[in-house]
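Worksheet: the structure to be examined is printed underneath.
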Amino acid sequence: MSDDTDVTLRPERILDLSERLSAVAGEKIGEIAMINREAKMLSINALIVAARAGEAGRGFAIVADEFKKIAAEIDNVALALQSQVRADLDELTLVGRSILGHLRGQRLADLALNAIEIIDRNLYERTCDVRWWATDSAITACAADPSPEAIAYASRRLRVILDAYTVYLDLWVCDDKGRVISTGRPDLYPNAVGQSVAETSWFRNAMRTASGDDFAVCDIEKVRSLNDAPVATYATAIRQDGEARGKPIGVLGIHFDWRPQAQAVVDGVRLTAEERAKSRVMLLDQKGRILASSDNRGVLDETFRLNTQDGVMGSYSAEGKTIGYALTPGYETYKGLGWYGCIVQTEDSAVTGVPLAPPIIAAA
């Protein structure tokens with residue numbers, strides 16, 4: 001049976017048992033006190049009856065007095081038991097909260113790491129795509145001699161690629177001056193062709209790459225000519241004759257359709273239905289800007305203040321929430337961009353440090 005369905009394996013079980021034991025102990029100690037109170041009343045009544053009986057009741061009075069002393073001792077034992085049980089149960093509850101908090105934080109950090117690893121593995125494939133496609137003969141020919149025929153042929157070739165790789169919005173061939181000369185979807189994005197991307201970081205860095213083994217990438221940004229869609233753009237130099245060490249004659253820029261792919265990652269984190277209802281899963285850039293969020297709030301507009309004092313991976317509590325996070329470890333040759341996976345989960349009352357169970361009160 002899985003951890004998600006077998007309630008006996010839940011860490012919260014420690015606190016459930018502690019609360020149950022506290023309730024039972026309080027109830028039973030209260031019953032002892034109540035029974036003892038009744039016994040004391042009987043001993044008092046017996047003493048009264050013995051006193052009225054005079055000399056004949058003297059022996060009975062001695063027994064009643066001893067019974068009264070025993071009842072007092074029972075009271076002392078009940079009070080001592082109350083004190084010790086209360087202390088032990090409080091400690092058990094605190095230990096349980098500590099264990100539960102640690103396990104929850106570790107679980108969230110592990111899930112955050114998994115989320116950022118999935119997106120980085122996905123983006124690693126984009127670095128392979130751009131370096132491979134930049135050597136396509138139709139693309140190198142278009143960059144070398146942007147005649148109408150070469151541009152049209154490159155556009156058809158880019159469309160074929162886009163039909164096979166549905167994670168992209170568009171692919172652009174740029175000349176060495178930064179002008180977009182051919183795209184795969186001129187019908188959907190007619191404003192792309194002819195625009196200058198010379199000042200973009202992905203174009204400039206791609207033109208500076210040392211060989212066909214290198215690539216450029218920039219943080220997620222909205223691109224106006226792609227209808228303001230958020231994209232992750234990967235680029236590399238198109239080199240003469242498609243040779244790895246050939247002269248750069250242009251740039252191939254590929255625009256990864258960020259929103260649906262990233263949303264699938266944050267929505268796919270393996271949380272139980274109960275956890276998901278009180279959790280927010282996010283991908284953050286190196287400055288804390290929200291790149292994706294399971295609740296769709298604040299994407300590219302909000303910054304989340306992440307406390308990373310525990311290092312590249314960890315968890316902590318703040319304002320009634322447990323936050324687990326993990327820095328991207330990169331994947332293969334893709335080192336990542338300093339992004340974080342992050343999960344914020346509202347804590348249960350059992351973990352937030354609310355008052356412990358009510359004290360056990362023995363009847364007077």
How far is the Cα center of the range 101-116 from the Cα center of the range 240-256, in Å?
40
Can you give the relative contact order of the chain as a percent, counting alpha carbon pairs under 8 Å and 6+ residues apart?
21
Qualifying aspartates and glutamates (Cα of each under 18 Å from Cα of residue 321; at least 8 residues distant if same chain):
12, 110, 274, 275, 295, 310, 347, 348
Using 1/(1 + (r/R0)^6) with R0 = 22 angstrom and r between the beta carbons of residue 94 and residue 23, what's the FRET efficiency to the nearest 0.05?
0.80
Return 124, 189, 340 ranked ascending by Cβ neighbour count within 10 Å, so the fewest neighbours appear first.
124, 189, 340
Regarding the chain, what is the average projected area of its C-alpha convex hull, in nm²?
24.7
With a Förster distance of 45 angstrom and the Cβ-Cβ distance between residue 306 and residue 31, calculated FRET efficiency to the nearest 0.05 equals 0.30
Simple spin-label model, 7 Å along Cα-to-Cβ: residue 243 to residue 152 in nm?
3.2
Using a Gaussian network model of the chain with C-alpha springs under 10 Å, which one of 30, 101, 338 is most mobile by mean-square fluctuation?
30
Need one number: convex hull volume per residue for the range 125-261, Cα atoms only, in Å³.
91
Through the Karplus equation 6.51 cos²θ - 1.76 cosθ + 1.60, θ set to phi - 60°, convert the phi angles of the range 336-342 into ³J(HN,Hα) values in whole Hz; use x for Gly and Pro.
x, 10, x, 7, 10, x, 8
For residue 184, residues with placed amide H under 5 Å, excluding near neighbours
171
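Laboratory data are not the source of any read-out in this text; all were calculated from the coordinates shown. Keep in mind that what you see is a predicted model, and the values were worked out from it rather than measured. Cβ: placed from backbone, ideal geometry, glycine included. Neighbour counts: every protein chain shown.
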